[in-house]
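Report on the following structure.
The values are calculated or read from the model by the stated rules, or taken from the named source; none is laboratory data. Bear in mind that the values here come from a model prediction, so they are computed numbers and not experimental data. Glycine also receives a Cβ, built like all others from the backbone with ideal geometry; neighbour counts cover every protein chain displayed. For the accessible areas, the whole protein counts, side chains as well, though only heavy atoms, and no ligand, DNA or RNA atoms are used. Shrake-Rupley method; radii C 1.70, N 1.55, O 1.52, S 1.80 Å.
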Amino acid sequence: MAGASKNSRTTVATQKFNCTCGGEVEMKTKLENGRLKNYAECQKCKRVERRPKDFR
């Protein structure tokens, strides 16, 4: 019987980030100058940062 390998992920872990205003931070992607840019945006105050941990 085949089991999960030692390097496989058996659970999915998602981490939720919150802004200082109390809103939830969501990752978004936009096309800018022919390149994809990832950024994090607060849903409540519309603050934009490079990554979610910058909201702390």
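All conditions in (1) under 11 Å from the mean Cα position of the chain (by Cα); (2) open to solvent by 100 Å² or more (accessible area, probe 1.4 Å); (3) of a type outside the set (Val, Ile, Thr) hold for ARG56, with the sole exception of (1). Answer yes or no: is there a residue in the stretch 24-42 that is more than 15 Å from the chain's Cα centre (by Cα), modelled with pLDDT of 80 or more and surrounded by 10 or more Cβ atoms within 10 Å (Cβ to Cβ). No: zero hits.
Would you confirm, using the coordinates I've provided, whether ARG51 is in contact (Cβ under 8 Å) with a residue 24 or more places away in the chain and of a type in the set (Lys, Arg)?
Working: in contact (Cβ under 8 Å) with a residue 24 or more places away in the chain: no; of a type in the set (Lys, Arg): yes.
Here the answer is no, as ARG51 does not meet what is asked.
Of the listed requirements (1) open to solvent by 80 Å² or more (accessible area, probe 1.4 Å); (2) touching a Pro at 6+ places or on another chain (Cβ under 6 Å); (3) hydrophobic (A, V, I, L, M, F, W, C), PHE17 misses just one: (1).
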